[in-house]
Amino acid sequence: MIFHEKLDLKFDVEAMQEGIEQIQQKVGKRTGLGANDSGFGGWSLQSHNSDWRSGFEDGGYRENADGELVQKVKMPPIYEYHNRTEACVDIFANIIDELEEKGFYPYRSRITVLDPGQSTVWHTDAMDGYYSVRLHIPIITNSECEFEVQDEGAVHMPADGHAHLVDVSTRHRAYNRGSETRMHFLAQVFPTVYSENFIVTESRKDILAFYAMTGHRVYQKVMDEKAKG
């Protein structure tokens, strides 16, 4: 199984590190699950309500006592997570613009922070077999940080400017066993020709996932073009 792909697509890591400093000066301390004891949190760049604190709801799927996947928190439709927040400073707004221009349909983009010695819980971000892919751009990391898929393996993504795609429809987690905080830009995406392994196929589940994610904005774009014509 292929769960990771490094893209031939690079961004300015130093500019992103400066952008994080701007965010901290502008809106302050990170939010989200990091407010608890998980060591995980960050700032939302796109949310459903333009609030930089939104977007860190624990919407992943967990197994209940019967082994069924259950979503812990019911979230708004993913296509509503396109409104830019106060934390979306210039460099990150530019990245989202570029991803949109390249046809990635970025939604729910965030800066995620994982503290040293911490790990996210094992979870999936889609029902079994449904298409769900995230784009990661590591900003600050160390060699002891990895993205792991259960029974498949783990991968370290260095902060060299490259964008990466990971399959989050499978049971996965991220961990930081190093001594330095891990910070990533990430966004839910549908890849374009830049990807070899995660192109949306014509399978029913992929198409349903595509419309569930982009349907609102695709429809709005069509209507806008009709209004202009």
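Mind checking whether some residue in segment 118-125 is aliphatic (A, V, I, L, M), touching a residue at least 60 places away in the same chain (Cβ under 8 Å) and buried (at least 20 other Cβ atoms within 10 Å of the Cβ)?
Start the filter on segment 118-125 by keeping residues that are aliphatic (A, V, I, L, M), which leaves 121.
Pick out the ones that are also touching a residue at least 60 places away in the same chain (Cβ under 8 Å) and you get 121.
So of that shortlist, the ones also buried (at least 20 other Cβ atoms within 10 Å of the Cβ) come out as none.
Within segment 118-125, none of the residues are aliphatic (A, V, I, L, M), touching a residue at least 60 places away in the same chain (Cβ under 8 Å) and buried (at least 20 other Cβ atoms within 10 Å of the Cβ).
The criterion of being at pLDDT below 95 and among the polar types (S, T, N, Q) does not hold for Asn176.
Please determine, by comparing only the residues of segment 21-40 that are in a loop (DSSP other than H, G, I, E, B), on the phi < 0 side of the Ramachandran plot and surrounded by 12 or more Cβ atoms within 10 Å (Cβ to Cβ), which one is modelled with the highest pLDDT.
Here is the first cut: in segment 21-40, the ones in a loop (DSSP other than H, G, I, E, B) are 28-30, 36-39.
Restricting the remaining residues to those that are on the phi < 0 side of the Ramachandran plot gives 29-30, 36-38.
Now drop any that are not surrounded by 12 or more Cβ atoms within 10 Å (Cβ to Cβ), which leaves 30, 38.
Numbers: Arg30: 85, Ser38: 59.
Taking the candidates together, the pick is Arg30.
Looking only at residues in segment 41-91 that are among the basic types (Lys, Arg) and either surrounded by fewer than 16 Cβ atoms within 10 Å (Cβ to Cβ) or at pLDDT 95 or above (or both), the one that is farthest from Gly215 (Cα to Cα) is Arg62. Please determine whether any residue of segment 175-197 is part of a strand (DSSP E or B) and touching an Asp or Glu at 6+ places or on another chain (Cβ under 7 Å). For segment 175-197, residues part of a strand (DSSP E or B) and touching an Asp or Glu at 6+ places or on another chain (Cβ under 7 Å): present. If you go through segment 99-117 and pick out every residue that is surrounded by fewer than 22 Cβ atoms within 10 Å (Cβ to Cβ) and among the small types (Gly, Ala, Ser), you end up with 2.
Regarding segment 109-125, can at least one residue be identified that is assigned to a helix (DSSP H, G or I) and β-branched (Val, Ile, Thr)? No: zero hits. Among the conditions (1) more than 26 Å from Cys88 (Cβ to Cβ); (2) in contact with an Asp or Glu (Cβ under 8 Å, 6 or more places away or on another chain); (3) surrounded by 15 or more Cβ atoms within 10 Å (Cβ to Cβ); (4) touching a residue at least 60 places away in the same chain (Cβ under 8 Å), the only one that His216 does not satisfy is (1). When you scan segment 131-148, how many residues do you find that are surrounded by fewer than 22 Cβ atoms within 10 Å (Cβ to Cβ) and aliphatic (A, V, I, L, M)? The qualifying residues number 1.
The values are calculated or read from the model by the stated rules, or taken from the named source; none is laboratory data. Since we're looking at a predicted model, the values are computed, not measured. Methodologically, a virtual Cβ is constructed for each residue, glycine included, from the backbone with ideal geometry; neighbour enumeration extends over all protein chains shown.
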